[in-house]
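K.L.:
Got a structure for you, questions after.
What follows draws every value from the coordinates through simple rules; no lab data is involved. Owing to the predicted nature of the structure, the values given are computational and were not obtained by experimental measurement. With ideal geometry, Cβ positions are generated from the backbone for all residues, glycine too; neighbour counts draw on all protein chains shown.
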Amino acid sequence: MTPDLELTSVPAWAVEPTCPTADLTGRYWTVLAVGTDAAAIAARWVGEIRAVHPNARPRLHQVSDADAACAALGADIEAAVVGWRLLLAGPAHVCLRIRARALELGAADDEITVASTEVATREVYCAHCRMTTTAATGLAEEITCPGCARRLFVYHHVSRRIGAHLGFATTADAPA
């Protein structure tokens, strides 16, 4: 039985690709585009911001991976002031990790807007050996953990702290 996703910690944008409008309630923006598919979304967001706030100077970072995005985020969030917003576009599994880093650095959920460009890939955290694995898998499917060789059920839970889905053993007699 699949739970109603609204009652889980899995954001809707991690299940279906989304492309919301820019959060125009802020005064300062960091726009992070991860991968080539996210570039058009980021450009649209910058245009939306400038249409409403002609003097705004959103910081646009077009990067290729989560590490580069987290580095850019760290520098921008250090200089953030009241009214700062994060607009994040890219594959959902990458956005989850960057969102986790933003929350760790003190951002609030209502300051973050996410557009997901791909949702078929997930990062799955093994509850047994604590290894995080990136795999093409759906929710409620199983993968094999490369760390402990257990068959992991990809649960309807996302850790806000690490930005990964929970995976746990599907059988009691799995290897230790």
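K.L.:
Using the basic label-point model (7 angstrom from Cα toward the beta carbon), what is the Arg44 to Cys148 distance in nanometres?
P.N.:
Result for the modelled spin labels: 4.2 nm.
K.L.:
Right, something else. Treating only the Cβ of Lys, Arg, Asp and Glu as charged (+1, +1, -1, -1), what charge dipole size does the chain show about its Cα centre? Round to the nearest 20 debye.
P.N.:
With only Lys, Arg, Asp and Glu charged at Cβ, the dipole is about 360 debye.
K.L.:
Moving to a separate point now. Let me know the Rg and Dmax you get for region 17-118 when you use only its Cα atoms, in Å.
P.N.:
Expressed in Å, the Cα Rg and Dmax of region 17-118 come to 12.0, 33.
K.L.:
Put one equal scatterer on each alpha carbon of region 20-79, apply the Debye formula with no solvent term, and list log10 I(q)/I(0) at q = 0.12, 0.13, 0.18, 0.28 1/Å to two decimals.
P.N.:
Results for region 20-79 at q = 0.12, 0.13, 0.18, 0.28 Å⁻¹ read -0.27, -0.32, -0.61, -1.19.
K.L.:
Using amide H atoms built 1.01 Å from N in the peptide plane, name the residues 5+ places from Arg150, or on other chains, whose amide H lies under 5 Å from its own.
P.N.:
Placed amide hydrogens put Cys145 under 5 Å from Arg150.
K.L.:
Let me ask another. Would you pull out the residues with amide H under 5 Å of Glu118's amide H, same chain only if 5 or more places away, H placed 1.01 Å from N?
P.N.:
Answer set, sorted by chain and number: Ala92.
K.L.:
Here's another thing I want to ask about it. For the pair Thr36 and Cys129, what calculated FRET efficiency results from E = 1/(1 + (r/R0)^6), where r is the Cβ-Cβ distance and R0 = 41 Å, to the nearest 0.05?
P.N.:
The pair Cys129/Thr36 has a calculated efficiency of 0.75.
K.L.:
Calculated from DSSP H runs of 4 or more alone, at -39500 (n - 2.57) each and per residue, what is the 222 nm mean residue ellipticity of the chain, nearest 500?
P.N.:
Mean residue ellipticity, 222 nm, calculated: -7000 deg cm²/dmol.
K.L.:
Two decimals, Cα atoms only, Kirkwood Rh: what is Rg/Rh over the chain?
P.N.:
1.02
K.L.:
Which order, highest average first, do 89-96, 127-134 follow once you tally other Cβ atoms within 10 Å for each residue and take the mean per peptide?
P.N.:
89-96, 127-134
K.L.:
Under the Karplus relation 6.51 cos²θ - 1.76 cosθ + 1.60, θ = phi - 60°, what is the ordered set of whole-Hz ³J(HN,Hα) values for region 86-98, x standing for Gly and Pro?
P.N.:
Result, ordered by residue: 10, 10, 10, 10, x, x, 4, 5, 6, 4, 4, 5, 5 Hz.
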